[in-house]
1. Please provide three numbers in whole Å: the alpha-carbon extents of region A:1-103 along the principal axes, with the largest listed first.
2. At 222 nm, what helix-only mean residue ellipticity would chain A give, in deg cm²/dmol to the nearest 500, using -39500 (n - 2.57) for each DSSP H run of four or more?
3. Kirkwood Rh and Cα-based Rg: tell me the resulting Rg over Rh for region A:147-238, rounded to two decimals.
4. Defining a contact as two alpha carbons under 8 Å apart and six or more residues distant in sequence, what relative contact order in percent does region A:131-247 show?
5. Could I have the simple spin-label model distance between A:ASN47 and A:HIS135, label points 7 Å from Cα toward Cβ, reported in nm to one decimal?
6. Between A:ASN271 and A:ASP93, take the C-beta separation as r, use R0 = 35 Å, and let me know the FRET efficiency to the nearest 0.05.
7. Determine the relative contact order of region A:4-134: mean sequence separation of Cα pairs under 8 Å and six or more apart, normalised by residue count, in whole percent.
8. Just the C-alpha atoms of chain A: what Rg/Rh do they give, with Rh taken as the Kirkwood radius?
Amino acid sequence: MPELPEVETVRRQLEPLVSNAKIIDARAHRSPKFAPALEAIGSTVANVHRRGKYLLVGLLDPGQAPGGPPSRELIVHLGMTGALHVDDTSPSDPYERASWDLADGRTLWFRDIRRFGRIAVVSAGDHQALPTLHHLGPEPFDPALDGPRFHRALAASRSRVKTHLLSQRPIAGVGNIYADEALWRAGINPGIRRVGPTRAEALLGHIRDVLAEALDHGGTTLRDYRTPDRSTGQNQFRLDCYGRSGRPCRRCATPLISRELDQRTTTSCPNCQAR
DNA sequence: CGGGGTTCCTGGCCGC
DNA sequence: TGCGGCCAGGAACCCC
């Protein structure tokens, strides 16, 4: 499931493939989650940025000077099973949810088995229609994000620390996998509602480490995640906590446990992450 | 406005 | 072999 490392891996591959390409046609699944793809017809791709788990494709409208700031953005959220590919041909794919024909004959495809993904076209920077993006916390590697600021962000909610992380408000781009991994490294019980300044700073460091390492390994492919060139990530072989319920903790050998926490499966070590 | 519950989806897996 | 039932889960959405 694409979290920050997966989405950033996609972004890095995608940007050189589609920059400067003009979108001459598009098709989309009728669902309002995908139909906005059609609104990109006629525009030219300026760049591909990322905020949290959202891909932001800068669009130059027809007649807009190349090199200027894009007037609109094509926003793509990959959801659970979304993937983007660029092809010369038009392969038949029952899971295609949207596609954009480029002027040079190639096609950009969005495939998404479970349809948890989402596509929007908005005026540049206008994210009102996507509440989570609108209220998105700082990028994990933003130098302005430090221990005290992260501590204040965590303290702004009385939710369980893991639930708060998944809300994307204290920090952008952390999903279920990397939340479990970072909390395990930090020795923090996912269910606690208050994190002190020292532990908050440590948790921030572990989040950064977990995300950076996953990015180095091309992301985590549990089942469906693929990059634009269809390769898988390799980080699934490096997970210490997520998906390891019942297996021994790599620090203390206690069997890891899995439980529901605010309707999210959560794995943790009952010893290392005791309250 | 924050927080909690519900919903969207379908392949893979399990048990019989 | 076939099939019903269950699970995974990000974020929008609704309601209090």
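1. The Cα atoms of region A:1-103 stretch 37, 28, 27 Å along the principal axes, largest first.
2. Numbers: 6 runs with 65 residues, N = 275.
Taking each H run of at least 4 residues, the total per residue is -7000 deg cm²/dmol.
3. Numbers: Rg = 14.0 Å, Rh = 13.7 Å.
With Rg and the Kirkwood Rh in hand, the quotient comes to 1.02.
4. On the way: 152 pairs, mean separation 29.4, N = 117.
Relative CO of region A:131-247 lands at 25 percent.
5. My value for the distance between the label points is 2.8 nm.
6. Values: r = 46 Å, r/R0 = 1.32.
Once the sixth-power term is evaluated, E becomes 0.15.
7. With pairs under 8 Å counted, the relative contact order is 26 percent.
8. Details: Rg = 19.7 Å, Rh = 19.6 Å.
Looking at chain A, the ratio lands at 1.00.
Read-outs: derived from the displayed coordinates by stated rules, not from any lab. None of these values were measured; they are calculated from a predicted model. Ideal geometry is used to build each Cβ from the backbone, glycine not excepted, and the neighbour counts take in all protein chains shown.
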